[in-house]
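Down below is the structure, laid out as structure tokens.
The values are calculated or read from the model by the stated rules, or taken from the named source; none is laboratory data. Everything numeric in this text was worked out from a predicted model, so none of it was measured. Ideal geometry is used to build each Cβ from the backbone, glycine not excepted, and the neighbour counts take in all protein chains shown.
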Amino acid sequence: MAMMRAAATATVTAGTPRGLRGLLFSTLSSSFPFNPPPTNQEKPPPAEPSTNLFVSGLNKRTTSEGLRDAFAKFGEVAHARVVTDRASGYSKGFGFVRYNTLEEAAAGIKGMDGQFLEGWVIFAEYARPRLPPPPLESNGSMYGRQ
DNA sequence: CTTGAGCGA
């Protein structure tokens, strides 16, 4: 009795890894060849063209002046601002740069995107409009509307 | 380090 069990266990244990591995590999290879990623990873443009530029990856010590000076090489910078938390006064690590024309903005993005600034690689792309104001309707604010 | 806030001219 004992030898039967031992023989069976040994046989199964010895043959399991190879058999399973070969089977799985074969199945996976047939089902998933080196095809391109099945995930529909679309790559839409960063944002619609705008004169406002969003720059991220800034160093904590980088200031609006540094941004303006860095982007002024590709066009006239109408406005440059590094976002900082006014509550604590700490830099959030990103900023915004506005040009007067879309051509300058595009030049600034293509010229500064992926470049190093203050020791950090920065990313530049078109910025989106700021957070929209909430409808904010509540009792007391309405004076007979609705 | 990845989407900002200000109001005095």
Which ones in segment A:68-124 are at positive phi and part of a strand (DSSP E or B)? A:Gly93
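Residue-by-condition table, conditions (1) at pLDDT 90 or above; (2) aliphatic (A, V, I, L, M); (3) touching a helix residue (DSSP H, G or I) at 6+ places or on another chain (Cβ under 6 Å); (4) under 30 Å from A:Asn59 (Cβ atoms):
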{"site": "A:Glu103", "(1), (2), (3), (4)": "yes, no, no, yes"}
{"site": "A:Lys110", "(1), (2), (3), (4)": "yes, no, no, yes"}
{"site": "A:Ala127", "(1), (2), (3), (4)": "yes, yes, no, yes"}
{"site": "A:Pro134", "(1), (2), (3), (4)": "no, no, no, no"}
{"site": "A:Gly144", "(1), (2), (3), (4)": "no, no, no, no"}
Out of A:Pro33, A:Pro49, A:Pro38, A:Pro45, I need the residue that is part of a loop (DSSP other than H, G, I, E, B), modelled with pLDDT under 95 and in contact with a helix residue (DSSP H, G or I) (Cβ under 7 Å, 6 or more places away or on another chain). Which one? A:Pro49
